[in-house]
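The values are calculated or read from the model by the stated rules, or taken from the named source; none is laboratory data. The structure displayed is predicted, hence computed values, not measured ones. Note that we place each Cβ from the backbone using ideal geometry, even for glycine, and neighbour counts take in every protein chain shown.
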Amino acid sequence: MKILEKEVLSDYQGTRVVRMKVFAPHVAAKARPGQFVTLMVSEEGERIPLTIVERDSECIKIIFQEAGLTTKLLGKLNIGDSLYAIAGPLGHPTEIKNYGKVIIVGGGVGIAEIYPVARAFKEAGNHVTTILGARTKGLLILEKELKGVSNEIHVLTDDGSYSRKGFTTDALDELLSKDKYGMVYSVGPIPMMKRVAQVTKKYGTFTIVSLNAIMVDATGMCGCCRVTVDGKTKFSCVDGPEFPAQAVDWDELTKRNRVYEQKEKHLCNLNKIL
């Protein structure tokens, strides 16, 4: 599980997004779009889930933002270093078929997760429209790569520092108001995906979201990633990570993630003190 390539995709005000190519033939042989791995940087560390962005016969590529303690430790590794462990591929792969016209919506680091899915939909014969959103130009990733697998692309930044000022759902609403699409696929911050679900519900458009719920063991044992879907308890790791957008209890998911985010910030602050 040696790191073969490392590239900093963005480094804005201390927030780095990094792409790594890792030798992991046991994962690469079976990985499909929409699936993920869990990895450990060291024997004493925690597991974290990361989407499989690309693969070949022996290697996978992952993209992560240095936010918590473990992703920062991962970002310190360089070419030639090895990870302690990788498990995968995990989760159900995306159901890829020809819907005719699809819209792929990615926000923030979620853009990394939509790339393999957008490419697969394009290869299946779909007309792919991609919408990308970032807080500012310096945090936008994979625009060039997604242009290569999209029929049309729309880029929006919250602060207007690049392309159009606004949110991904602004462009989504406009597109759905003018044309008929077979499905919408979205990954990004929870508030964005919740708003995507609201917009597409208005137009009756089938919508799938890939949830970035907190995971620990990624086997359905810990229960950290549970989410209510259509009134039933599901686990993002083994039942997902993709679910029908309108069926997700977004308010519950938001509350659960906030609890873990507060704990993560506390651990990071403690680490700085130590």
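Restricting attention to the range 1-47, the residues being outside any strand (DSSP E or B) and either of a type outside the set (Val, Ile, Thr) or loosely packed, with under 13 Cβ neighbours inside 10 Å (or both) number 20.
Candidates are the residues of the range 187-210 that are assigned to a strand (DSSP E or B) and touching a Ser or Thr at 6+ places or on another chain (Cβ under 7 Å); the one that is nearest to residue 52 (Cα to Cα) is 187. Residues in the range 47-64: is at least one under 22 Å from residue 212 (Cα atoms) and touching a His at 6+ places or on another chain (Cβ under 8 Å)? No: the range 47-64 contains no residue that is under 22 Å from residue 212 (Cα atoms) and touching a His at 6+ places or on another chain (Cβ under 8 Å).
Is there a residue in the range 233-243 that is of a type in the set (Val, Ile, Thr), without any contact (Cβ under 8 Å) to a residue 60 or more places away in the chain, at negative phi and crowded, with 18+ Cβ neighbours inside 10 Å? No: zero hits.
Taking the conditions exactly as written (within 30 Å of residue 89 (Cβ to Cβ), surrounded by fewer than 19 Cβ atoms within 10 Å (Cβ to Cβ) and of a type in the set (Gly, Ala, Ser)), does residue 182 satisfy them or not? Criteria met by residue 182. Only one entry of 251, 173 meets the criterion of being exposed (fewer than 14 other Cβ atoms within 10 Å of the Cβ) and either outside the structural domain of residue 108 (by TED's automatic domain parsing) or not aliphatic (A, V, I, L, M) (or both), and that entry is 251.
Selection of the range 219-250 for residues being within 16 Å of the chain's Cα centre (by Cα) and part of a loop (DSSP other than H, G, I, E, B) yields 225, 236, 237, 240, 241. Of the residues in the range 216-224, none is closer than 16 Å to residue 133 by Cα, charged (D, E, K, R) and in contact with a Lys or Arg (Cβ under 8 Å, 6 or more places away or on another chain).
Candidates 214, 131, 190, 208: the one that is touching a Pro at 6+ places or on another chain (Cβ under 7 Å) and of a type outside the set (D, E, K, R) is 208.
Can residue 112 be described as of a type in the set (Gly, Ala, Ser), in contact with a strand residue (DSSP E or B) (Cβ under 8 Å, 6 or more places away or on another chain), at pLDDT 95 or above and not assigned by TED's automatic domain parsing to the domain that holds residue 33? No. For residue 79, the requirement of being surrounded by 20 or more Cβ atoms within 10 Å (Cβ to Cβ) and either in contact with a Cys (Cβ under 6 Å, 6 or more places away or on another chain) or not small (Gly, Ala, Ser) (or both) is not met. Among the helices (runs of 4 or more DSSP H) confined to the range 69-161, the ones with at least 2 residues that are without any contact (Cβ under 8 Å) to a residue 24 or more places away in the chain and more than 27 Å from residue 42 (Cα to Cα) are located at 143-147.
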